[in-house]
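**Student:** The following block contains the structure, expressed as C-alpha cells.
The values are calculated or read from the model by the stated rules, or taken from the named source; none is laboratory data. No experiment lies behind these values; they were computed from the predicted model shown. Cβ placement follows ideal geometry from the backbone for every residue including glycine, while neighbour counts extend to all protein chains displayed.
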Amino acid sequence: MTDTTSASASASTITAAVALHVRALRTGRSWSLDELAGRSGVSKGMLVQIEAARTNPSVGTLCRIADAFGVTVGRLLETGEPDRVAVTSADDAVVLWRGAFGGVGRLLRGVNDPDFVELWEWVLEPGDRHSSPDHAPRTRELLHVLAGDLTVTVDGVDRHVGPGQTLDFVADRPHGYRNEGAESVRLLMVVAMPPGEWDRRHPR
C-alpha cells in the first residue's frame, strides 16, 4: 500500500466516522437538521453532505458542530471505543488543517470525560496563517511555542509569542495565528472547554 493510498483510506475512515457521530449525536437529541444548523451556524446543506460522508469538513466547521453538541472535535473523529490507557503517535494523528505554505494542524488527542480537553500540535511555515471562529463561551486556549516566533491575534490585538513562551487566553472570540518570520513555528496547544451544548442563536 502506498502512502497516498494509505492517506486516502485514512481520510475516508475519518469522513465516515464524522458522518456516523454527527448523525447519532443529532438524532440522539431529537434535533432536526434545521435545528443543528441553527445551533451550530453550519448550513443545512453542509450538514447533509457531512452526514452522508460526502465531504471532508474544515476544522472550523468541525469546531462549530462540536460546540453545538458540547463535545470535543476528537469525539467526532473517534473510530472505536476509547481506551483507558492509550499511547498514540503524532504520525497517526489526524491532520485537520493544512496551510498554504506547508503548515499542518494535528489533533493529537481529545477527551470528553471528566473534562473537555483537546491537545493539538501545530506547525506554521513562513507565510502560513489560520483564522479561528469564536468557540463556546469560557473556552480557553493555551499555546506553548517550541520553535519560531508566533503572532496571535485576539480581539484585533497582536501578541508575539517566542520559543519557550506560553500564551493563555479566552477563545470565545475570533482569533488567529500567523507566522511572519523566516523560520518554521512549532507549538503545542491545549483547548479546554466548559461542558454543555452551545446554541449560537442565543447571545452569551
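**Student:** Does G41 count as surrounded by 13 or more Cβ atoms within 10 Å (Cβ to Cβ) and of a type in the set (G, A, S)?
**Tutor:** It is true that G41 is surrounded by 13 or more Cβ atoms within 10 Å (Cβ to Cβ) and of a type in the set (G, A, S).
**Student:** Among E118, E125, which is under 27 Å from N56 (Cβ atoms), under 14 Å from the mean Cα position of the chain (by Cα) and of a type outside the set (K, R)?
**Tutor:** Numbers: E125 fails: under 14 Å from the mean Cα position of the chain (by Cα).
E118 is the lone residue from the list that is under 27 Å from N56 (Cβ atoms), under 14 Å from the mean Cα position of the chain (by Cα) and of a type outside the set (K, R).
**Student:** Say we look at the range 44-61 and pick out the residues that are within 25 Å of R129 (Cβ to Cβ) and among the aliphatic types (A, V, I, L, M); which of these is surrounded by the most Cβ atoms within 10 Å (Cβ to Cβ)?
**Tutor:** V59
**Student:** Then there is this: Can you find even one residue in the range 62-85 that is within 18 Å of R186 (Cβ to Cβ) and either crowded, with 20+ Cβ neighbours inside 10 Å or among the charged types (D, E, K, R) (or both)?
**Tutor:** No, because not a single residue in the range 62-85 is within 18 Å of R186 (Cβ to Cβ) and either crowded, with 20+ Cβ neighbours inside 10 Å or among the charged types (D, E, K, R) (or both).
**Student:** Could you check the range 138-163 and list, in sequence order, the residues that are farther than 21 Å from L107 by Cα, among the small types (G, A, S) and modelled with pLDDT of 95 or more?
**Tutor:** Within the range 138-163, G162 is the sole residue that qualifies.
**Student:** Let me ask something else about it. Do the conditions hold for G103, that is, is it touching a helix residue (DSSP H, G or I) at 6+ places or on another chain (Cβ under 9 Å), of a type in the set (G, A, S), in contact (Cβ under 8 Å) with a residue 40 or more places away in the chain and crowded, with 18+ Cβ neighbours inside 10 Å?
**Tutor:** Considered against the rule, which asks whether it is touching a helix residue (DSSP H, G or I) at 6+ places or on another chain (Cβ under 9 Å), of a type in the set (G, A, S), in contact (Cβ under 8 Å) with a residue 40 or more places away in the chain and crowded, with 18+ Cβ neighbours inside 10 Å, G103 comes out as no.
**Student:** Is one or more of the residues making up the range 132-142 out of contact with any strand residue (DSSP E or B) (no Cβ under 7 Å at 6 or more places or on another chain) and part of a strand (DSSP E or B)?
**Tutor:** Within the range 132-142 (the criterion being out of contact with any strand residue (DSSP E or B) (no Cβ under 7 Å at 6 or more places or on another chain) and part of a strand (DSSP E or B)), the answer is no, since none of the residues qualifies.
**Student:** Right, next: If T79 satisfies every condition in (1) under 22 Å from G28 (Cβ atoms); (2) within 16 Å of the chain's Cα centre (by Cα); (3) not aromatic (F, W, Y) but one, which is the exception?
**Tutor:** Against the list (1) under 22 Å from G28 (Cβ atoms); (2) within 16 Å of the chain's Cα centre (by Cα); (3) not aromatic (F, W, Y), T79 comes up short only on (2).
**Student:** Let me ask something else about it. Go through the range 38-96 and report how many residues are among the polar types (S, T, N, Q) and outside any loop (DSSP other than H, G, I, E, B).
**Tutor:** 3
**Student:** Here is a list of conditions, (1) closer than 26 Å to T13 by Cα; (2) among the basic types (K, R); (3) free of Cβ contacts under 8 Å to residues at least 24 places away in the same chain, and R109 meets all of them except one; can you say which number that is?
**Tutor:** All conditions are met except number (3).
**Student:** Right, something else. Taking the residues in the range 171-204 that are of a type in the set (K, R) and at pLDDT 95 or above as candidates, determine which candidate is surrounded by the most Cβ atoms within 10 Å (Cβ to Cβ).
**Tutor:** R178
**Student:** Here's something else I'd like to know. Of all residues in the range 40-80 being free of Cβ contacts under 8 Å to residues at least 40 places away in the same chain and of a type in the set (D, E, K, R), which is farthest from A17 (Cα to Cα)?
**Tutor:** The extreme case among them is K44.
**Student:** For the structure I just gave you, tell me whether D34 is assigned to a helix (DSSP H, G or I) and over 21 Å from G176 (Cα atoms). Talk me through it step by step, then tell me what you get.
**Tutor:** Working: assigned to a helix (DSSP H, G or I): yes; over 21 Å from G176 (Cα atoms): yes.
So D34 passes the test.
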